[in-house]
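Chemist: Before we start, here is the structure in question, set down as structure tokens.
Rule-based calculations on the coordinates, nothing more; no lab input. Nothing here was measured: the structure is a model prediction, and the numbers come from that model. Because the Cβ atoms are built from the backbone with ideal geometry, glycine has one as well, and the counts that use them run over all protein chains shown.
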Amino acid sequence: MKPANLLFILSDEHNPRVLGVNGHPMIKTPNLDRLAGRGVRFTDAYCNSPICVPSRASLATGRYVHQVRFWDNGIAYDGSVPSWHHRLREAGHEVVSIGKLHFRSADDDNGFSEEIMPLHIVDGIGDPLGWLRDPLPVRKAALRLSDDAGCGNSNYQDYDDKITAAAIDWLKAHAARRPGKPWVLFVSLVCPHFPLIARPEWYGLYPEDQVPEPVLYSPHERPNHPYVAAIRECMIYDKGFDEAKRRRAIAAYFGLVSFVDHNVGKLLDALAASGLDGETRVLYSSDHGDNLGTRGLWGKSTMYQESAGVPMLLAGPDVPQGFVCREPVSLVDVFPTVTEGAGLPRHRADRDLPGANLLDIVRGTAAPRTVLSEYHAAGAATGAFTIRKGRFKYTYYVGMPPQLFDLDADPQEARDLGQDPGYRGLVARCEAELRRLVDPEAADAAARADQAARIAAMGGREAIIARGSFGHSPVPGTKPVYN
């Protein structure tokens, strides 16, 4: 693979099902569809933890959450574990971020040559309420999701405008400079993350009376698994919805996805106008998905495909065009993809990284590996760990029954085979495969111990509850709104 520049575009909370090229019947994403057509579309891509901070820590370090112990939205990446940003900068490459990072602080050395307009966790503390897991608190701020949903402007959309404009300016400047070594520009957008408010030109694409109802939404269709039941009572999003609000929320989410697509189109056009597209690869993904009402769940934090899955597209030099890769991948695969794509040899300290270069996966030359996602954050009554084994998706819950789904026969994950006697042997093999990657009980205990230490340092459970919670991280220059 010849070294090349990389434009890495990351959105926030993009449900992989809500993408035209992935077969959604209503969503309009012409620019992402165009990117997929000139590159590779990964149909089964996963985040490594379905919530912002730990997912982004795994993305940065190429390591699983239990390895780096950035467990939740209050224990954030602090630059202490080498990232692909560090490796590139150390080798003399320019590696610049624009937009949301959701690390601890810009005062840490996060590895970038420059951080432009970064969004980090609030006051270096983030969301301590996520440390409270026994018992789980009721997160009242979740009710704002339904109240806010609809047509209008938001500072998240304004922030994405600024991020996109800054990235276009950066590309124009580099078209003139043409530095010797390949660069990486990491453009990190905040949409379609809630608040679910979309401007009229995007909201109007999706008439409220025509948007689809969430799948498995009726009470009798919802799973009764204890983990899912617990998260529903903690993250009380759905308690604020009636049919009208639900349709507004879905129309707004679709509008925000089209808004993201519009910004991706502007970036692709700027790359072409700069003359850099022939020497630049483009990678698009998201930090996690969004349940979007499916099973009565909103936000992320579950291991279902809507939440733990992400879109992933790769195009540019040496990338096959119009190729569909069905091999499961995850965000830890980005580290070797980025570093090797810039021409760096594998650092001796990175030889045990669990990921593989995405192009090696496409070519079928990557060593066999198992995709892992795990969750220890807000709403998690216990540690949750998911792997893929062929067509099957297995989730292990510490102290709770496992789940097993046949994604070929049951893509909506409506039939849980975890307790089916006919699948007992496969469940046992999946658990053995998981345990080759992680000791789930030990990881769960480590997460709880780290969180307990943070709780004590913050003055205890009641002090954290009194502090309250906020619905979403504020953009730079603004303050969070607590419930």
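Chemist: What is the Cα centroid distance between the stretch 303-370 and the stretch 402-438, reported in whole angstrom?
Modeler: 24
Chemist: Hey, another quick one. Find the relative contact order for the stretch 5-467 and round it to a whole percent, using C-alpha pairs within less than 8 Å whose residues are 6+ positions apart. Numbers along the way, then the final one.
Modeler: Values: 989 pairs, mean separation 118.0, N = 463.
For the stretch 5-467, the relative contact order is 25 percent.
Chemist: For residue 176 and residue 213 in the same chain, what is the full-extension length gain: residue separation times 0.36 nm, less their Cα-Cα distance, in nm? List each step's numbers first, then the result.
Modeler: Details: separation 37, 0.36 × 37 = 13.32 nm, distance 4.92 nm.
Taking residue 176 through residue 213 to full extension adds about 8.4 nm, to one decimal.
Chemist: Measure off 7 Å from each Cα along the Cα-to-Cβ vector at residue 107 and residue 272, then give the distance between these two points in nanometres to one decimal.
Modeler: 4.5
Chemist: Among all the lysines, which ones have a C-alpha under 16 Å from residue 172's C-alpha, if same-chain residues fewer than 8 places away are not counted?
Modeler: Those lysines meeting the cut-off are 162, 266.
Chemist: Report, for the chain, the % of DSSP beta bridges that are antiparallel, rounded to 5. Before the final figure, lay out the partial values.
Modeler: Details: 25 of 54 bridges.
Around 45 percent antiparallel, to the nearest 5.
Chemist: Of the peptides 108-119, 344-355, how do they stack up when ordered by the mean number of other Cβ atoms within 10 Å, highest first?
Modeler: For the peptides 108-119, 344-355, the packing ranking is 108-119, 344-355.
Chemist: Okay, next question. For the charge dipole of the stretch 5-467, defined by +1 on Lys and Arg C-beta atoms and -1 on Asp and Glu C-beta atoms about the Cα centroid, which residue among 159, 447, 121 has the Cα displaced farthest towards the positive pole?
Modeler: Going by the Cα projections, it comes out as 447.
Chemist: As a test of the formula, what do you get for the chain when each DSSP H run with n ≥ 4 contributes -39,500 (n - 2.57) and the sum is divided by the residue count, at 222 nm and rounded to the nearest 500 deg cm²/dmol?
Modeler: On the way: 15 runs with 158 residues, N = 483.
Estimated from H runs of four or more residues: -10000 deg cm²/dmol.
Chemist: Taking only the C-alpha atoms, wrap a convex hull around the stretch 322-470 and report its volume per residue in Å³ as a whole number. All intermediate terms of the calculation are to be shown ahead of the outcome.
Modeler: Details: hull volume 29.1 nm³, N = 149.
It is 195 Å³ per residue.
Chemist: Still on this structure: Under the Karplus relation 6.51 cos²θ - 1.76 cosθ + 1.60, θ = phi - 60°, what is the ordered set of whole-Hz ³J(HN,Hα) values for the stretch 281-296, x standing for Gly and Pro?
Modeler: 8, 10, 10, 10, 7, 9, 7, 5, x, 8, 5, 6, x, 4, 6, x
Chemist: Based on alpha-carbon centroids, what's the gap between the stretch 257-277 and the stretch 447-483 in Å, whole number please?
Modeler: 37
Chemist: Rank-order 22-32, 120-130, 412-422 by packing density, defined as the average count of other C-beta atoms within 10 Å over each peptide's residues, highest first.
Modeler: 120-130, 22-32, 412-422
Chemist: At R0 = 51 Å, how high is the FRET efficiency between residue 114 and residue 431 if r is their beta carbon distance? Nearest 0.05 is fine. Walk me through the numbers on the way to the answer.
Modeler: Values: r = 45 Å, r/R0 = 0.88.
So the FRET efficiency works out to roughly 0.70.
Chemist: Right, something else. Given a cut-off of 25 Å, name the pairs among 140/300; 28/245; 28/300; 28/239 whose C-alpha atoms lie farther apart than that in the structure shown. List each step's numbers first, then the result.
Modeler: Details: 140/300 16 Å; 28/245 22 Å; 28/300 22 Å; 28/239 29 Å.
Too far apart for the 25 Å limit: 28/239.
Chemist: Spelling out what I want: for every residue of the stretch 382-397, take phi, set θ = phi - 60°, compute 6.51 cos²θ - 1.76 cosθ + 1.60 (Karplus), and round to whole Hz; glycine and proline get x.
Modeler: 7, x, 10, 9, 10, 10, 9, 10, x, 7, 9, 10, 10, 10, 9, 10
Chemist: Once all Cα-Cα distances of the chain are split into 10 Å bins that start at 0, what whole-number percent is in each one?
Modeler: Going out from 0 Å in 10 Å bins, the chain shows 4, 21, 33, 28, 12, 1, 0 percent.
Chemist: While we're here: Report the net charge of residues surrounding residue 398, where surrounding means a beta-carbon distance below 13 angstrom and charges are Lys +1, Arg +1, Asp -1, Glu -1.
Modeler: Working: positive: 133, 435, 448; negative: 134, 374, 431, 439, 441, 444.
That works out to -3.
Chemist: Apply the Karplus parameterisation 6.51 cos²θ - 1.76 cosθ + 1.60, with θ equal to phi minus 60°, to every residue of the stretch 468-481 and state each ³J(HN,Hα) to the nearest whole Hz, in sequence, with x for glycine and proline.
Modeler: The phi angles translate into x, 9, 10, x, 7, 5, x, 6, x, x, 10, 10, x, 9 Hz.
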